[in-house]
Amino acid sequence: MKKLAVALSVFSLLALGASPALARGGGWQPLSLPGARAVRNCPGTTDVLHIVFTTGKEYYRIVTQHGVDYLQVTGAFKFDATNQQTGQTRHYNSSGPTHVPIELANIDFVATGLNSLFFSTEQVEQWGLPVAFITSGPIDISFGPNGEITAVQITNIKDDICAELT
């Protein structure tokens, strides 16, 4: 159960979205919409981005494949990002899906489609990625036992949210 909580926490921190769930069969449970957040670490600016999650029709379930439990997430996930200094707002769609093993010591976060990610300044410096962005296509992010990122594979960054709003 602790690993499920860690997997859900990782998912919530990254604020990833997903594709429609109700037509996919039983066992799906609603995933709560995250609260608003501020992005204060856009490079080269003191501007603050305010993120408001506007559509959270996501669902999750636990499935077992080859003896490993996975967290699957699917549904609609959208948000608005506003530059607090300029008032400029952009709307983003971040509808996954996501498939995360939850029984392993290290978590391997695998997703396809449109996904949003928000990284700390330290993670940005370590991996050379934007602070806040939307991916398009497959991503694979591995987390160590203490939640640290140990590997990143991202094929396409669709939107660099900081660059678009600052």
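Our note on the geometry: Cα centres of segment 52-85 and segment 104-166, 15 Å apart.
Extents of segment 85-164, taken as max minus min of Cα coordinates on every principal axis and listed largest first, are 44, 26, 19 Å.
Once fully extended, how much extra length lies between THR46 and THR82, figured as 0.36 nm per residue of separation less the alpha-carbon to alpha-carbon distance? Provide the component values of the computation, followed by the final result.
Details: separation 36, 0.36 × 36 = 12.96 nm, distance 1.38 nm.
Roughly 11.6 nm would be gained on extension.
How much net charge surrounds LEU49 when only other residues with a Cβ under 13 Å from its Cβ are counted (Lys, Arg +1; Asp, Glu -1)? With Lys, Arg at +1 and Asp, Glu at -1, the net is -2. Given R0 = 25 Å, the distance between the Cβ atoms of ILE157 and SER32 translates into a calculated FRET efficiency of 0.40.
Remark on segment 50-109: hydrodynamic radius 13.5 angstrom, per the Kirkwood mean of 1/r across alpha carbon pairs. For LYS158, the residues whose modelled amide H falls within less than 5 Å of its own, excluding neighbours fewer than 5 places apart on the same chain, are ILE134, THR135, SER136.
Using Cβ contacts closer than 10 Å as the measure, can you line up GLU164, GLU58, GLU148 from fewest to most? Kindly include the intermediate steps, with their values, before the conclusion.
Working: GLU164 17, GLU58 28, GLU148 12.
Starting with the residue having the fewest Cβ neighbours, the order is GLU148, GLU164, GLU58.
This ranking places HIS91, HIS66 by how few other beta-carbon atoms lie within 10 Å of each, fewest first, which gives HIS66, HIS91. Put a plus charge on the Cβ of each Lys and Arg, a minus charge on the Cβ of each Asp and Glu, and nothing anywhere else: the dipole of segment 19-166 about its Cα centre is then about 520 debye.
Sort SER120, SER95, SER136 so that the residue with the fewest other Cβ atoms within 10 Å of its own Cβ comes first and the one with the most comes last.
Working: SER120 12, SER95 21, SER136 15.
Neighbour counts put them in this order, fewest first: SER120, SER136, SER95.
Values in this text are rule-based calculations from the coordinates and carry no lab data. Predicted model only: the values in this text are computed from it and were never measured. Cβ coordinates were reconstructed from backbone atoms using ideal geometry, including for glycine residues, and neighbour counts include every protein chain displayed.
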